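Here the structure comes first, spelled out in structure tokens, and everything after it is commentary.
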Amino acid sequence: MKKTVLMTALMAAFTLTACEDKQATQQATQQASEAVNNLAQLKKDYQQLESAMTAKDQEITRLNKLLEEAKTSQSAGDVVGLQVKIKELYKAKEQYLLPKEGDVEEGEGTVQIVARVAETNQAWLNDLLMREMLVEAVDEETMKAFDQSAQKVDEATLQTHYEEMFEEYQKEAIENRLIGMHNVMRMGYMGQRNHLAQFSIWNESYNGGAHGVHHTNYIVVDLAKKQRITLNDVFSSSVMDELNLLLQGQYLVVRSNYELEESLDMKDFRVSDNFYFSPTGITFVYPLYELGPYVLGEVELSLNYQQMNHLLNKPFQQTEADGFFKDDDF
């Protein structure tokens, strides 16, 4: 009897434990299933949120682009026609005597400095042009130090610089018994088309020797953005190799026309960052001696829009509204 009761109790205990294990397993399975479902839902929610964020970013980009275009359009609409006059900023000239020295007879020489700048009806543009005149007159290190000082380049600043230059010329010319020294910087106004205005600075100097040297620096200004336009504004780095090849082709024509010796290794040929817009395209200007002898002067290589319109950054590409028709063959 006791054995029977004991066996019955043990069997009941085993049965109860088995039931509890089965329930625990079922509960764990259910929890795991719920976790998988929750994870799947979270993943789905994340993907939807990610898509929404991407769409929002694209919309923000689109709206910013529209805003920038609106600002540019508004600025372009605000551009006024320039009124320009050329102003003499500085002019000094002095003759000096060179006393007889040994077998060298006495003589005379002249030092001279002339500076003329364009003056417009736009104050910000006048400041920009004044700064460009100083860039022409000093070396890069001096200009860098001047910019770091945050000092404004105005008429008084330039006049002070030219006076110091004139005194240095006087001293150097007499000490070295030069027949003369001069520096002439003349700014010219090339004109305006829509929001683009162009100026030039012709810089000619003589410091003794057989002849002087000269160069012309061209300044293209965006009147809407109120800043100077650089080569990188007009062309992206990705098209420079193709642009270089087109200009090499123009240079080879010049070299053939003037029967020049092959003094330049074409691997050293570069795209000049000194340029101006013409009615039919862009002209790139190279300084004395870079592409040929002194007698050749500054070399101008021109590309028309038919040749390189596709290379221009979009704001500078010509359209039919500008009179450009890509199918023209004349």
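The values are calculated or read from the model by the stated rules, or taken from the named source; none is laboratory data. A quick note: this is a predicted structure, and the numbers were derived from the prediction, not measured. No Cβ is skipped: glycine too gets one built from the backbone with ideal geometry, and neighbour counts run over all protein chains shown. These accessible areas exclude ligands, DNA and RNA; they are computed on the full protein's heavy atoms, side chains included. Shrake-Rupley method; radii C 1.70, N 1.55, O 1.52, S 1.80 Å.
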| task | Would you be so kind as to identify which of 214, 192, 238 lies farthest towards the positive end of the dipole of the chain, taking Lys and Arg as +1 and Asp and Glu as -1 on Cβ and the Cα centre as origin? | result | 238
| request: With a 1.4 Å probe and every protein chain left in place, work out the accessible area per residue of the chain in Å², rounded to a whole number. | output: 66 Å²
| request: Exposed loop GluC sites (Glu not before Pro) only (DSSP loop, at most 13 other Cβ atoms within 10 Å): please give the longest stretch of the chain free of them, not including the sites. | output: 107-258
| Out of 283, 54, 160, any idea which swings most in a Gaussian network model of the chain, alpha carbons joined below 10 Å? | 54
| request: Would you calculate, for the chain, the mean residue ellipticity at 222 nm contributed by helices, counting each DSSP H stretch of 4 or more residues as -39,500 (n - 2.57) and dividing by all residues, to the nearest 500? | output: -15500 deg cm²/dmol
| said: Compute the distance from the alpha-carbon center of the range 279-299 to that of the range 206-271, in whole Å. | reply: 7 Å
| remark: Among 303, 49, 129, the residue with the largest mean-square fluctuation in a Gaussian network model of the chain built from Cα contacts under 10 Å is 49
| remark: In debye to the nearest 20, the charge dipole size for the chain, taken about the Cα centre with +1 at each Lys and Arg Cβ and -1 at each Asp and Glu Cβ, equals 2500 debye
| Signed unit charges on C-beta, dipole axis of the chain, positive-most listed residue 257, 293, 271 | 271
| field | Inter-probe distance in nm under a simple model that places probes 7 Å from Cα toward Cβ, at residue 228 and residue 176 | value | 2.7 nm
| Helix 240-257 axis, angle to the chain major axis (alpha carbon atoms, nearest 10°) | 20 degrees
